[in-house]
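Step one of this worksheet: look at the structure below.
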Amino acid sequence: MKKIILLTIIIGAISTFFIYKNFYHEDMNIVALGDGIALGETAFNVQGYSYNDYLKDYYEENSILKEYITEFAEVEETTKTLLLKFQNNYTLESTNTSITQAIAKAKILTLSLGMYELNNKKELTTAIVDEYVNNMEKILKFLRIYNKKNIVVISLYPTPRIKEEQIKNINARLEEICKNYEIKFINIERISQTPDYFFTKDNYYFNYKGHRYISEKIIENI
């Protein structure tokens, strides 16, 4: 009799596990921060499908996507303007959601910031790079204070205006900061070696292939 009861309990436990595995889906909140890269900006000054959109699609297919927020990102976002949003606790009028609220409840938070800021400088001096890196550390520290889950930072990559050696130096510093705050760093330096990922040779914005590649890298690392 005891064996029958024990067997019934074991079978029940196994059944519960498989039901949970097959039917339970955790609510997913994705928040995207950054500049035009985060929004899928194109060489034609219109927004296309971004790596964040591909990420959204993946979680819609594999779980319940509760919320997907991209409204805090801006095409011309810089480290300075994002820090100001943090300082002022910038709030979306459409949903009355503050940036700190969005950050706090994100299950996945992505950040792509610096391509607009650094590619629009007349000269990329040491002082400008240092300021950018220091601001990025402030941003990442802030994000980690409010969010203990998955924070993903997308690296910079070479362009006609920023050479590979400069990018490697900046990315190495960013990666070290990410390690200090246990933040995932997705290095896409080599993406510039694949022309098929870009609209034109003289523009650093990706086409849909480039964005899909980045989304796959994020999914691999989460």
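Here are some notes:
- Of all the numbered requirements in (1) of a type in the set (Val, Ile, Thr); (2) closer than 22 Å to Leu143 by Cβ; (3) in a loop (DSSP other than H, G, I, E, B), Thr200 misses one, and that requirement is (2).
- Residue count, segment 96-113 (criterion: open to solvent by 10 Å² or more (accessible area, probe 1.4 Å) and under 22 Å from Leu55 (Cα atoms)): 6
- Out of Ile64, Ile37, Ile30, Ile69, sole residue that is touching a residue at least 24 places away in the same chain (Cβ under 8 Å) and touching a His at 6+ places or on another chain (Cβ under 6 Å): Ile64
- Here is the figure for segment 114-142: residues that are surrounded by fewer than 13 Cβ atoms within 10 Å (Cβ to Cβ) and closer than 19 Å to Tyr205 by Cβ total 1.
- Checklist (1) surrounded by fewer than 19 Cβ atoms within 10 Å (Cβ to Cβ); (2) within 16 Å of the chain's Cα centre (by Cα) applied to Asn180, failing item: (2)
This table checks each residue for (1) hydrophobic (A, V, I, L, M, F, W, C); (2) farther than 21 Å from Ile103 by Cα; (3) modelled with pLDDT of 95 or more; (4) not in a strand (DSSP E or B).
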position	(1), (2), (3), (4)
Tyr116	no, yes, yes, yes
Met136	yes, no, yes, yes
Ile145	yes, no, yes, yes
Pro160	no, yes, no, yes
Gln166	no, yes, yes, yes
Ile170	yes, yes, yes, yes
Arg173	no, yes, yes, yes
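- Selected residue [in contact (Cβ under 8 Å) with a residue 60 or more places away in the chain and hydrophobic (A, V, I, L, M, F, W, C)] from Ile154, Ile145, Ile162, Ile167: Ile154
The values are calculated or read from the model by the stated rules, or taken from the named source; none is laboratory data. Here the structure is a predicted model, which means the values were calculated and not measured. Note that each Cβ is placed from the backbone with ideal geometry, even for glycine, and that neighbours are counted across all protein chains shown. Each accessible area value is taken on the protein alone, full model and side chains, heavy atoms only, with ligands, DNA and RNA left out. Shrake-Rupley method; radii C 1.70, N 1.55, O 1.52, S 1.80 Å.
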